[in-house]
Amino acid sequence: MTAATTETAAHAPVVGTGHTRIEGRDKVTGAARYAAEVPFAGLAHGWLVLSTVARGRIRALDTDRVLAMPGVLAVLDHRNALRLTTDYTGLLGTRPDPTCAVFQHDRVPHLGWPVALVVAETSEQAREAAEALVVHYEQEPHDIELTAEHPGAYPVDGHMPAVTGKGDLEAGLAASAVVVDAEYTTPEEHHNPMEPHAATARWDGGRLEVIDSNQGVTWVVGELANLFSLDPAAVRVRSEHVGGGFGSKGVRAHQVAAVMAATLLQRPVRVVLTRRQMFSLAGYRSPTTQRVRLGAGPDGRLVALEHRSISLTSTVHEFVEPSAAVARVMYDADAHHTANRVVRLDVPTPTWMRAPGEAPGSFALEAALDELAEKCGIDPVELRLRNEPERGPVSGLPFAGRNLAACFREGARRFGWADRDRRPRQRRDGRWLLGTGTAAASFPSGAAPSTATATAHPDGTFTVRISAADIGTGARTALGLVAADALQVPPDRIRVRIGDSDFGPAMIAGGSMGTRSWSWAVKAAAGELRERLALGADIPPEGVTVRSDTTEAIGSLAPAERHSFGAQFAEVAVDPATGEVRVRRMLGIFAAGRIVNPLTARNQFRGGMIWGISMALHEEAVRDRASGGPVGADLAGYHVATHADVPHIEADWIDDTDPEDPVGIKGIGEIGIVGAAAAVANAVWHATGVRHRSLPIRPDRVL
Ligand code: MOS
């Protein structure tokens, strides 16, 4: 067959039309294999042993008794483990978190620190032996408590400056007709993807292969190659199906421990984290204490804005939850000051969690805006419209599209906002007090260089290969639609292969940049393939393959403020007798670029909004001061929103095609959670007349 196979009848574009997930049937029938399910001959199982003290030193490990237990093959700890290299900057521009560089020294910097790996023939034998391993510690006093204005707080310039400022804040506040000055707190929140972290490592003909659950195989290859001083070409990471990630699935202790054990034993070794271990080793969202000061004229226009945030990190790695950064995008004022500071404590290192910075930051800022609206006697939607900035408040750069006002207008219309009585505590439904609230949302939009290949086969089908990760978003399906339009063939003639580092370097599923970055590369490869085939080339048995690399195209974008935006609306019912808060309905209207697959996109927005309900009402990890460890580190003790908590949730969007992007995409991964908790909290105020500045809004706090 020849290139004529591409010349189908006029191709109706499929980007923008709803398609169910390509792998949906495989997932629901169990045919899709997750990282811990891929079988290997001679597989050994590793079980991590975590410290039971929050600070100190390992004095001794009684390994002899454990080595004599049934099936036990080895115990790895700081005395016998491979030495790792940690002096490098990884592909995402970050230094390695020493927590993943396991067994390099005898120091214990937090409870749940990996101190040993027990490897055995079966998972049960490994677990039994790991639980029997006695570790002796030299314990030291620990400090795990984040307080407002902690004396140890310091600013950290990471990928953004820690502190920004212009204008005289105190003078601006003094000259303001209306001032809001409030402190907000958000708790420690934990990653709980459905699929716990899991990896199998093995040496295969001189190459290291890791079957893993992660958000980016290119990233994991880079980290493992650096840590083990290997040529990246000698490392292959595969991650075909991933049951959730949200920031937690990069390189962590279990992959590194698995590689160490596989190297020592020259056998495939699997290490899986338990749900409980994830509370120490998966990363989490730092608690924050934030202070917001707003000064405005009687018309509600801001003249002074300050947003300061303190988060915590471990003593071994600097990670900042940049909650104050959202103010740098959302609102301008002549006096405008923001600061992100961090405190080092004897706790595990936090990490990215869906909308890092924006999620807790928008709670504080958007709740403060609601307080300002109340004080000014202005409708909260109108207040936001009056404070729409012309340019980036801190950068001074133009916005490459800012359709926030359109989101608010469309959202207000559909939510029935116009009928709202601004006064609190006006509506009742039997014993329930009813209220509505709103908040704005934003999240940066970006793209990172990626490579992809597109192959035409003689039978008229095509294969697209890219090291993308589908963490449940529907990315695989979206990429098939993008390829179909570029090739102008129906999507059922395209196979999409992802999650294999041998497909070449690509962006991770993170920063709301995955599908955009990959689509850019897929469209480039598929588009060029179509052009080549249109010239009438015969297709040989091995097919015709075109490779794309978007490094140059993405590098040439001019500086601008690039973000997705959204407007969140919530209605709640509060029972003043029990303190129970029920969300009755939510609506989110987003301006987030072109929507590739409305079916999965709606899912993703709603997933974010549900997490926002969870953040507003349920999620809170409590750390025990005495032990330094989390209390109730499981899904019974750590509450997340479940079906019974989730009412009618609508997510929709306005047309917001990004002219700079080949497909028009901006990014939708994180924005759904942004502002969602504030909308709920503002609705609780409207229902009850009481402000809740600390999340979650538990019944005992409502009473
Ligand atoms: Mo996301 S927090 O960039 O996985």
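The values are calculated or read from the model by the stated rules, or taken from the named source; none is laboratory data. Small disclaimer: the values here were computed from a predicted structure and weren't measured. Cβ placement follows ideal geometry from the backbone for every residue including glycine, while neighbour counts extend to all protein chains displayed.
When 326, 316, 347, 320 are checked against the criterion of being within 29 Å of residue 385 (Cα to Cα) and either in a loop (DSSP other than H, G, I, E, B) or of a type outside the set (Asp, Glu) (or both), a single residue qualifies: 326. Looking at (1) farther than 19 Å from residue 261 by Cβ; (2) surrounded by fewer than 19 Cβ atoms within 10 Å (Cβ to Cβ), which one does residue 122 not meet, given that it meets all the others? Just one mismatch for residue 122, condition (1).
Being within 21 Å of residue 156 (Cα to Cα) and part of a strand (DSSP E or B) is the filter here, so list the residues in the stretch 287-304 that pass it.
Step one: of the stretch 287-304, the residues within 21 Å of residue 156 (Cα to Cα) are 287-292.
Correct list: 288, 289, 290, 291, 292.
Residue under question is residue 495, and the condition is that it be in contact with a Gly (Cβ under 9 Å, 6 or more places away or on another chain), part of a loop (DSSP other than H, G, I, E, B) and surrounded by fewer than 24 Cβ atoms within 10 Å (Cβ to Cβ); does it hold? Working first, answer last.
Details: in contact with a Gly (Cβ under 9 Å, 6 or more places away or on another chain): yes; part of a loop (DSSP other than H, G, I, E, B): no; surrounded by fewer than 24 Cβ atoms within 10 Å (Cβ to Cβ): yes.
No: the conditions fail for residue 495.
The conditions are (1) assigned to a loop (DSSP other than H, G, I, E, B); (2) more than 16 Å from the ligand (Cβ to nearest atom), and residue 589 fails exactly one of them. Which is it? So the condition that residue 589 fails would be (1). Residues that are touching a residue at least 24 places away in the same chain (Cβ under 8 Å), within 16 Å of the ligand (Cβ to nearest atom) and touching an Asp or Glu at 6+ places or on another chain (Cβ under 6 Å): does the stretch 337-351 have at least one? Checked against the condition, which is being touching a residue at least 24 places away in the same chain (Cβ under 8 Å), within 16 Å of the ligand (Cβ to nearest atom) and touching an Asp or Glu at 6+ places or on another chain (Cβ under 6 Å), the stretch 337-351 yields at least one hit. One residue stands out in the stretch 544-595 among those that are of a type in the set (Gly, Ala, Ser) and within 16 Å of residue 433 (Cβ to Cβ): the one that is surrounded by the fewest Cβ atoms within 10 Å (Cβ to Cβ), namely 577.
Can you find a residue that is on the phi > 0 side of the Ramachandran plot and more than 16 Å from the ligand (Cβ to nearest atom) anywhere in the stretch 687-703?
Initial filter on the stretch 687-703 (on the phi > 0 side of the Ramachandran plot): 689.
From what's left, more than 16 Å from the ligand (Cβ to nearest atom): 689.
Yes, because at least one residue in the stretch 687-703 is on the phi > 0 side of the Ramachandran plot and more than 16 Å from the ligand (Cβ to nearest atom).
For the stretch 500-509, filtered to residues that are out of contact with any Lys or Arg (no Cβ under 6 Å at 6 or more places or on another chain) and surrounded by fewer than 24 Cβ atoms within 10 Å (Cβ to Cβ), the residue that is farthest from residue 564 (Cα to Cα) is 504. Apart from one condition, residue 527 fits all of (1) assigned to a helix (DSSP H, G or I); (2) within 16 Å of the ligand (Cβ to nearest atom); the exception is (2). The C-beta contact set for the stretch 92-112 (first residue in contact (Cβ under 8 Å) with a residue 24 or more places away in the chain and among the acidic types (Asp, Glu), second residue buried (at least 18 other Cβ atoms within 10 Å of the Cβ) and part of a loop (DSSP other than H, G, I, E, B), distance under 6 angstrom, 6+ apart or interchain) comprises 97/317; 97/349.
Residues checked against (1) buried (at least 24 other Cβ atoms within 10 Å of the Cβ); (2) modelled with pLDDT under 95; (3) more than 16 Å from the ligand (Cβ to nearest atom):
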{"residue": "230", "(1), (2), (3)": "no, no, yes"}
{"residue": "241", "(1), (2), (3)": "no, no, yes"}
{"residue": "244", "(1), (2), (3)": "no, no, no"}
{"residue": "255", "(1), (2), (3)": "yes, no, yes"}
{"residue": "267", "(1), (2), (3)": "no, no, yes"}
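Could you say whether any residue in the stretch 517-524 is of a type in the set (Phe, Trp, Tyr), within 16 Å of the ligand (Cβ to nearest atom) and either out of contact with any helix residue (DSSP H, G or I) (no Cβ under 9 Å at 6 or more places or on another chain) or touching a residue at least 12 places away in the same chain (Cβ under 8 Å) (or both)? Don't jump to the end; show me each part of the working.
Here is the first cut: in the stretch 517-524, the residues of a type in the set (Phe, Trp, Tyr) are 518, 520.
In the following step, the residues that additionally are within 16 Å of the ligand (Cβ to nearest atom) were identified as 518.
Next, from what is left, pick out any that are either out of contact with any helix residue (DSSP H, G or I) (no Cβ under 9 Å at 6 or more places or on another chain) or touching a residue at least 12 places away in the same chain (Cβ under 8 Å) (or both): 518.
Checked the stretch 517-524: at least one residue is of a type in the set (Phe, Trp, Tyr), within 16 Å of the ligand (Cβ to nearest atom) and either out of contact with any helix residue (DSSP H, G or I) (no Cβ under 9 Å at 6 or more places or on another chain) or touching a residue at least 12 places away in the same chain (Cβ under 8 Å) (or both).
Counting just the residues of the stretch 464-497 that are of a type in the set (A, V, I, L, M) and within 16 Å of the ligand (Cβ to nearest atom), which one comes out nearest to residue 11 (Cα to Cα)? Reasoning before the result, please.
Just the residues of the stretch 464-497 that are of a type in the set (A, V, I, L, M), to begin with: 464, 466, 468-469, 471, 475, 478-479, 481-484, 486-487, 489, 494, 496.
With the extra rule that they be within 16 Å of the ligand (Cβ to nearest atom), the set shrinks to 468-469, 471, 475.
Working: 468: 26, 469: 28, 471: 30, 475: 22 Å.
It comes out as 475.
Away from the ligand (no atom under 16 Å from the Cβ) and in contact (Cβ under 8 Å) with a residue 24 or more places away in the chain: does that describe residue 504?
Numbers: away from the ligand (no atom under 16 Å from the Cβ): yes; in contact (Cβ under 8 Å) with a residue 24 or more places away in the chain: yes.
The answer is yes for residue 504.
Within the stretch 235-255, the residues that satisfy the criterion of being part of a helix (DSSP H, G or I) and more than 12 Å from residue 202 (Cα to Cα) are 253, 254. For the stretch 596-620, a residue qualifies if it is touching a strand residue (DSSP E or B) at 6+ places or on another chain (Cβ under 6 Å), surrounded by fewer than 24 Cβ atoms within 10 Å (Cβ to Cβ) and under 24 Å from residue 696 (Cα atoms), and the qualifying residues are 606, 619.
Considering only residues that are hydrophobic (A, V, I, L, M, F, W, C) and part of a helix (DSSP H, G or I), look in the stretch 269-279 and name the one that is nearest to the ligand (Cβ to nearest atom). Checking each candidate, the answer is 278. Given the structure, is residue 641 in a loop (DSSP other than H, G, I, E, B) and crowded, with 17+ Cβ neighbours inside 10 Å? Criteria met by residue 641. Every test in (1) within 16 Å of the ligand (Cβ to nearest atom); (2) more than 18 Å from residue 439 (Cβ to Cβ); (3) hydrophobic (A, V, I, L, M, F, W, C) is passed by residue 355 save one, and that test is (2). Scanning the stretch 321-336 for residues that are of a type outside the set (A, V, I, L, M) and touching a residue at least 40 places away in the same chain (Cβ under 8 Å), we see that the one that is nearest to residue 162 (Cα to Cα) is 322. Residues that are out of contact with any Pro (no Cβ under 9 Å at 6 or more places or on another chain) and either farther than 18 Å from residue 177 by Cβ or among the charged types (D, E, K, R) (or both) within the stretch 367-379 comprise 367, 371, 375, 379, listed in sequence order. Every test in (1) more than 16 Å from the ligand (Cβ to nearest atom); (2) over 16 Å from residue 461 (Cβ atoms); (3) out of contact with any strand residue (DSSP E or B) (no Cβ under 8 Å at 6 or more places or on another chain) is passed by residue 549 save one, and that test is (3). For residue 85, indicate whether it is among the hydroxyl-bearing types (Ser, Thr, Tyr), at negative phi and surrounded by 14 or more Cβ atoms within 10 Å (Cβ to Cβ). In short, no.
Yes or no, residue by residue, for (1) touching an Asp or Glu at 6+ places or on another chain (Cβ under 6 Å); (2) within 16 Å of the ligand (Cβ to nearest atom); (3) of a type in the set (A, V, I, L, M):
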{"residue": "362", "(1), (2), (3)": "no, yes, no"}
{"residue": "377", "(1), (2), (3)": "no, no, no"}
{"residue": "380", "(1), (2), (3)": "yes, no, no"}
{"residue": "396", "(1), (2), (3)": "no, no, no"}
{"residue": "404", "(1), (2), (3)": "no, no, yes"}
{"residue": "425", "(1), (2), (3)": "no, no, no"}
{"residue": "435", "(1), (2), (3)": "no, no, no"}
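Every listed requirement among (1) part of a loop (DSSP other than H, G, I, E, B); (2) within 16 Å of the ligand (Cβ to nearest atom) is met by residue 636 save one, (2). Of everything listed in (1) touching an Asp or Glu at 6+ places or on another chain (Cβ under 8 Å); (2) modelled with pLDDT of 95 or more; (3) not β-branched (Val, Ile, Thr), the single unmet condition for residue 549 is (1). Scanning the stretch 90-114 for residues that are surrounded by fewer than 17 Cβ atoms within 10 Å (Cβ to Cβ) and at pLDDT 95 or above turns up 104, 105, 107.
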